Amino acid sequence: MRKRNRHVSVWMNEQEYRHLKRQAGIAGLGIDPFIRSLVLGVQLRPRPPDTYAALLRELSALGNNANQIAHWANLQKSVSEADIRRAAALVYEAWRLVKETL
């Protein structure tokens with residue numbers, strides 16, 4: 001049995017329908033979930049660009065490397081130039097992705 005047992009039908013002209021499809025697409029939803037969200041008062045936002053996932057991975061890697069370098073430096077009381085260069089490269093890549101995304 002269906003969870004939703006009430007059907008609502010709305011007539012639209014072509015322009016209204018295209019606008020509805022475009023807005024649902026911007027939110028990353030189909031038309032039905034988009035309309036349900038609007039009815040429930042959900043504050044809809046545009047779906048973030050796909051590059052955000054890559055950006056988050058890079059920022060996560062940057063944080064992990066920074067923690068590893070700090071841990072190693074605390075144990076050894078020093079840090080190698082290669083580790084510093086690797087961390088700097090990750091910072092540069094994260095900066096590039098942020099600039100490219102915005």
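The values are calculated or read from the model by the stated rules, or taken from the named source; none is laboratory data. Note that this is a predicted model, so its numbers are computed, not measured. As a convention, Cβ positions derive from the backbone with ideal geometry for all residues, glycine included, and neighbour counts pool all protein chains shown. Areas reflect the complete protein model, heavy atoms only, side chains present, ligands, DNA and RNA absent. Shrake-Rupley method; radii C 1.70, N 1.55, O 1.52, S 1.80 Å.
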Angle in degrees between helix 14-27 and the longest Cα principal axis of the chain, rounded to the nearest 10: 30 degrees
Inter-site label distance for TRP72 and ASN5 at 7 Å from Cα along Cβ, in nm: 6.4 nm
Helix 81-101 vs. the chain, principal-axis angle (Cα, 0 to 90°, nearest 10): 20 degrees
Separation in nanometres of the label points that stand 7 Å from Cα toward Cβ, at LEU40 and LYS21: 2.5 nm
Semi-axis lengths, Å, the chain, gyration tensor of Cα atoms, sqrt of 5 times eigenvalues: 49, 17, 8
Spatially proximal aspartates and glutamates relative to LYS21 (Cα-Cα < 14 Å; intrachain offsets below 8 disregarded): ASP32
Area of LYS21 that stays accessible when all protein chains are in place (1.4 Å probe, Å², to 10): 110 Å²
Helix 51-76 axis, angle to the chain major axis (alpha carbon atoms, nearest 10°): 30 degrees
Surface share of carbon and sulfur [accessible, 1.4 angstrom probe, percent] for segment 7-64: 58 percent
Cβ-based net charge around ALA53, under 15 Å, with every Lys or Arg adding one and every Asp or Glu removing one: -2
